[in-house]
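Asker: Quick one: the structure is below, and I'll ask about it shortly.
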Amino acid sequence: MAPSEDTNELDRAPSQGVGPEYMSSTEKPTATVSTQVSHANITILPQTPQLIALLTMIRDKNTNRADFIFHSNRIIRLLVEEGLNHLPVREHIVTTPVGKTYNGVRFEGKICGVSIMRAGEAMEQALRECCRSVRIGKILIQRDEETSQPRLFYDKLPEDIADRWVLLLDPMLATGGSALMAVDVLRSKGVPEERICFLNLIASPEGAANFAKKFPKLRVVTAFVDKGLDEKNYIVPGLGDFGDRFYTL
């Protein structure tokens with residue numbers, strides 16, 4: 001099901017039976033799965049039992065910091081793997097140890113990661129585990145708690161970033177203000193919009209719509225689109241402050 005952009009709240013955060021396809025619906029427990037969005041540039045991870053179980057752990061306010069980090073890292077690894085699927089490849093033929101050829105592919109071009117500090121830095125290790133010796137840049141943007149508007153404080157990016165495919169890293173997409181500003185920074189450095197892929201754990205429908213409207217050529221890969229935003233522009237039901245739970249609590 002792919003609802004339109006004016007989907008009302010009753011259609012958000014749907015529930016369905018979660019389990020292997022071969023199980024009957026009566027055997028599957030019911031769980032809340034991601035809101036589906038119609039934006040062509042938004043990719044939501046398959047709502048598998050594994051992903052829903054991992055999200056359940058990190059959403060639980062009683063989950064301790066060590067478990068929060070462990071289960072968050074597993075989701076981030078899934079996001080990185082899916083993000084890499086959106087990068088271009090070209091044909092590459094190799095010879096196997098038994099002397100036979102195999103028609104395969106390899107990545108085309110150079111990549112780098114860019115984390116939006118500080119929560120985005122939690123996603124860097126998974127990228128390093130998938131892409132050896134990957135370059136990583138950083139952008140510091142903070143939200144004004146009174147106006148909810150982002151402010152740019154700092155950026156440190158590879159000198160040749162305009163020639164790279166960029167994986168932008170930030171776990172939470174609320175209004176999208178900070179991430180949209182980060183994309184503007186990347187574009188000001190010469191990175192084409194279509195060479196940016198934004199990796200995100202949990203998004204709001206509003207944030208996803210903002211991205212789709214402003215940057216239709218940019219790819220967004222998220223694990224879950226949540227119900228919406230509260231009066232303070234926090235994602236609900238969400239998981240709280242990701243950075244605080246990952247680094248300090």
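The values are calculated or read from the model by the stated rules, or taken from the named source; none is laboratory data. Fair warning: this is a prediction, and the values are worked out from it, not measured in the lab. As a convention, Cβ positions derive from the backbone with ideal geometry for all residues, glycine included, and neighbour counts pool all protein chains shown. Just the protein is used for accessible areas: all its heavy atoms, side chains included, with ligands, DNA and RNA removed. Shrake-Rupley method; radii C 1.70, N 1.55, O 1.52, S 1.80 Å.
Asker: Please report the relative contact order for segment 38-248, taking Cα pairs under 8 Å with a sequence separation of at least 6, and give it as a percent rounded to a whole number.
Answerer: Working: 388 pairs, mean separation 49.7, N = 211.
About 24 percent, as a whole number.
Asker: Kindly identify segment 11-76 as rounded, prolate or oblate by the Cα gyration tensor criterion: order the square roots of the eigenvalues as a ≥ b ≥ c, call it rounded if a/c is under 1.5, otherwise compare a/b with b/c, prolate if a/b is larger, else oblate.
Answerer: Numbers: a/c = 1.93, a/b = 1.25, b/c = 1.55.
The shape class here is oblate.
Asker: Could you sort the peptides 222-228, 88-94 by per-residue average Cβ neighbour count (10 Å cutoff), highest mean leading?
Answerer: Ranking, from highest mean packing down: 222-228, 88-94.
Asker: Taking just the alpha-carbon atoms of the chain, what radius of gyration and Dmax come out, in angstrom?
Answerer: In order Rg, Dmax, the Cα atoms of the chain give 18.8, 66 Å.
Asker: In segment 175-249, which GluC sites (Glu not before Pro) are in a loop and have at most 15 other Cβ atoms within 10 Å, using DSSP for the loop call?
Answerer: Values: sites: E193, E194, E206, E231; in loops: E231.
Filter output for segment 175-249: E231.
Asker: Only four residue types carry charge here, +1 at the Cβ of Lys and Arg and -1 at the Cβ of Asp and Glu. Report the dipole size of the chain about the Cα centre in Debye, rounded to the nearest 20.
Answerer: On the way: 30 positive and 32 negative charges, 171 e Å.
Dipole about the Cα centre, nearest 20: 820 debye.
Asker: Could you give me the ³J(HN,Hα) list for segment 231-238, computed from phi with Karplus coefficients 6.51, -1.76, 1.60 and θ = phi - 60°, whole Hz, x at Gly and Pro?
Answerer: Taking θ as phi minus 60°, the curve returns 5, 9, 6, 8, 5, 10, x, x Hz for segment 231-238.
Asker: Moving on. With charges only on Cβ, +1 for K and R and -1 for D and E, what is the dipole size of segment 43-137 about its Cα centre, in debye, rounded to 20?
Answerer: Its charge dipole is roughly 160 debye.
Asker: When the helices in the chain are scored as -39500 (n - 2.57) per DSSP H run of 4 or longer and the sum is shared across all residues, what 222 nm value do you end up with, to the nearest 500 deg cm²/dmol?
Answerer: -8000 deg cm²/dmol
Asker: Which listed residue (F107, G238, L169) has the Cα farthest towards the positive end of the charge dipole for the chain, taking +1 on Lys and Arg C-beta and -1 on Asp and Glu C-beta about the Cα centre?
Answerer: F107
Asker: Okay, moving on. Might you report the magnitude of the Cβ-based charge dipole of segment 103-249 about its Cα centre, with Lys and Arg at +1 and Asp and Glu at -1, to the nearest 20 debye?
Answerer: Values: 21 positive and 21 negative charges, 112 e Å.
Dipole of segment 103-249, to the nearest 20 debye: 540 debye.
Asker: Among the listed pairs K61/K213; K189/K213; K61/K232; K110/K217; K110/K189; K28/K213, which are separated by more than 27 Å between their Cα atoms?
Answerer: Values: K61/K213 33 Å; K189/K213 21 Å; K61/K232 19 Å; K110/K217 19 Å; K110/K189 16 Å; K28/K213 37 Å.
Cα-Cα > 27 Å for K61/K213; K28/K213; rest within.
Asker: Would you be so kind as to identify which of I196, Y247, L84 lies farthest towards the positive end of the dipole of segment 38-248, taking Lys and Arg as +1 and Asp and Glu as -1 on Cβ and the Cα centre as origin?
Answerer: So the residue we want is L84.
Asker: Can I ask one more? Positive end of the dipole of segment 1-135, charges at C-beta (+1 Lys, Arg; -1 Asp, Glu), about the Cα centre: which of N62, I52, L127 has its Cα farthest in that direction?
Answerer: L127
Asker: Taking only protein heavy atoms and a 1.4 Å probe, what accessible area per residue, in Å², does segment 38-248 have with all protein chains in place? Walk me through the numbers on the way to the answer.
Answerer: On the way: 10480 Å² over 211 residues.
It amounts to 50 Å² per residue over segment 38-248.
Asker: E194 to H92: extension gain in nm, 0.36 nm per residue of separation minus the Cα-Cα distance? The partial results should precede the final answer.
Answerer: Details: separation 102, 0.36 × 102 = 36.72 nm, distance 2.38 nm.
So the chain would gain 34.3 nm between E194 and H92.
Asker: Once phi is turned into θ = phi - 60°, what whole-Hz ³J(HN,Hα) does the Karplus curve with 6.51, -1.76 and 1.60 give for every residue of segment 76-83, x standing for Gly and Pro?
Answerer: So the J values, rounded to whole Hz, are 4, 4, 4, 5, 4, 4, 5, x.
Asker: For segment 54-69, what does the Karplus curve 6.51 cos²θ - 1.76 cosθ + 1.60, with θ = phi - 60°, yield as ³J(HN,Hα) per residue in whole Hz, taken in order and with x for Gly and Pro?
Answerer: So the J values, rounded to whole Hz, are 5, 5, 4, 5, 7, 6, 5, 5, 8, 5, 6, 4, 4, 5, 4, 5.
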